[in-house]
Amino acid sequence: MAIRTTSAVNAAALANYDAIIDVRSPAEFAEDHLPGAENLPVLDNDQRAEVGTIYVQQSRFLARRIGAAHVARNIARHLEGALSDRPSGFKPLIYCWRGGQRSNAMATILDQVGWPVTLLTGGYKTYRRAVQTRLYDEAPTLQVILLDGHTGSAKTEILNRLASHGVQTLDLEGLAHHRGSLFGALAGKPQPSQKMFESRLLAAIETLDFARPVVVEAESSKIGQIMTPPLLWKAMQVAPRIEIRAPRQARAGYLVTAYRDIIEDREALEAAFSHLPVYPGQKRLTDWRALADAGDFEDLAQALMEHHYDPAYDRSSRKDERSLRGVVELAAMTEVGLAAATREVAGLVDQAA
C-alpha cells in the first residue's frame, strides 16, 4: 500500500483523517501543534537531545544508528499502546518538524500494518506557514463588534453567555489563558506560546460564518504576553463598540469573585502591584496592602479601579474614534441582571447583522 502525501492543512482537509499524529518530541508538541493532534513521539525530549549531541560531537552514522534504535522501540510501544485499538481502516495523518525521517519512519511501519497512511509534506513547517499566511498576510474580513466597558463590568461573562442567543463570539482571553489586565494571569495556568495561541485562534476563526458579525471583547494588542495577530487586530481597530456600564461598587464585588485566585495568592498580588505602570506611591501602596491583610478585598478592588483601572479606561475612551453602537446598563451583578444585559447586547448585535 503506497503512502499518500498532502500539503492541505485547512480544517476541511484535516477532518478527513481519523487521527492526526504528531511524532515530534513532547517539548516540540507543547509549543504548538496541528488542531486535534495527538503526540506519539518517535524520539522523546532526552533522546532527541542525545541524538543531536552525538551527531554534532561524534558522527552522523552513530547518531543515525542510535536514533533508529530509539525510534524502533518507541513505535513498537505506540503500536502496543495508543494504537492497539485502532481498526483496520484507520486513516491517520502523520507529521514531524519538516516531513523528514521521523514521520517517514512512523508512516512506513503503519503502512506495513496495513493502515492507509498520509504524510504531511513539509511537516509542521507547512502548517505553520499556512497559519502565518492567514493571520498575518491576508486582509481582515471579519465583521467584528467589540464588547467594551470598565474593568469588572462582566464583559467576559456576558461574552460567554451570548452563544445561547445565537451570537458568534471569539473568547480571546480564554484562548490566551489570561484575563487581559495587570491582575489577569491565571493561577496555575500559564499562557500558551504565541504559536499555540495563533493555532487556537485560527481554528476558532475557521468555525465562524464570515457573513455574520462576531463579538470580541475589547482588548489591547497584547493579552498578557500574547500579541493579537493583524487579521483580527486590524478588524478590532475599526470595529463598532457596545459598552457595558456598571456601578463601581458592583464591579468591585464582581472582581473579588472573578479574581479569587489572585486574592488568595499574596505573592501574585504583590507581583501585580510591582507592575503597575504608574507607581502609586508608598503610602497608597501601604494602604492597599493593609486592605489585603484585613481581607477587605472589595475596598481594595474599588481603590485599584479608582486610581488605576478606571482612569486608564477613561483616557483610552476619550481617544477612541470607533463608533458606539449602544450602551447597556448593568445595575447589579446578579443572574437576572447579567441575563438581561446579555439579551440587550444580543439585540444590538442582531441589528448589525
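Within the stretch 167-193, the set of residues being modelled with pLDDT of 95 or more and over 15 Å from the mean Cα position of the chain (by Cα) comprises 167, 168. What are the pairs, 6+ residues apart or on separate chains, where a residue within the stretch 83-112 that is at positive phi has its Cβ under 9 Å from a residue that is assigned to a loop (DSSP other than H, G, I, E, B) and not hydrophobic (A, V, I, L, M, F, W, C)? Hits for this filter: 99/121; 99/122. The residues of the stretch 209-226 that are surrounded by fewer than 16 Cβ atoms within 10 Å (Cβ to Cβ), out of contact with any Phe, Trp or Tyr (no Cβ under 8 Å at 6 or more places or on another chain) and either without any contact (Cβ under 8 Å) to a residue 24 or more places away in the chain or not charged (D, E, K, R) (or both), listed by number, are 210, 211, 220, 222, 225. Just one of the listed residues (198, 217) is assigned by TED's automatic domain parsing to the domain that holds residue 328, within 25 Å of residue 321 (Cα to Cα) and of a type in the set (Asp, Glu), and it is 217.
Scan the stretch 31-47 and give yes if some residue there is among the polar types (S, T, N, Q), over 24 Å from residue 115 (Cβ atoms) and not in a helix (DSSP H, G or I), otherwise no. No: the stretch 31-47 contains no residue that is among the polar types (S, T, N, Q), over 24 Å from residue 115 (Cβ atoms) and not in a helix (DSSP H, G or I).
On the given criteria, is residue 231 under 24 Å from residue 342 (Cβ atoms), outside any strand (DSSP E or B) and either touching a residue at least 24 places away in the same chain (Cβ under 8 Å) or not aliphatic (A, V, I, L, M) (or both)? Answer is no for this residue. Scanning the stretch 303-353 for residues that are out of contact with any helix residue (DSSP H, G or I) (no Cβ under 6 Å at 6 or more places or on another chain), in a strand (DSSP E or B) and aliphatic (A, V, I, L, M) yields a count of 2.
Taking the listed residues 243, 219, the one that is touching a Leu at 6+ places or on another chain (Cβ under 8 Å), modelled with pLDDT under 95 and not in a helix (DSSP H, G or I) is 219, with no other qualifying.
The values are calculated or read from the model by the stated rules, or taken from the named source; none is laboratory data. These figures come from a predicted structure and were not determined experimentally. Glycine also receives a Cβ, built like all others from the backbone with ideal geometry; neighbour counts cover every protein chain displayed.
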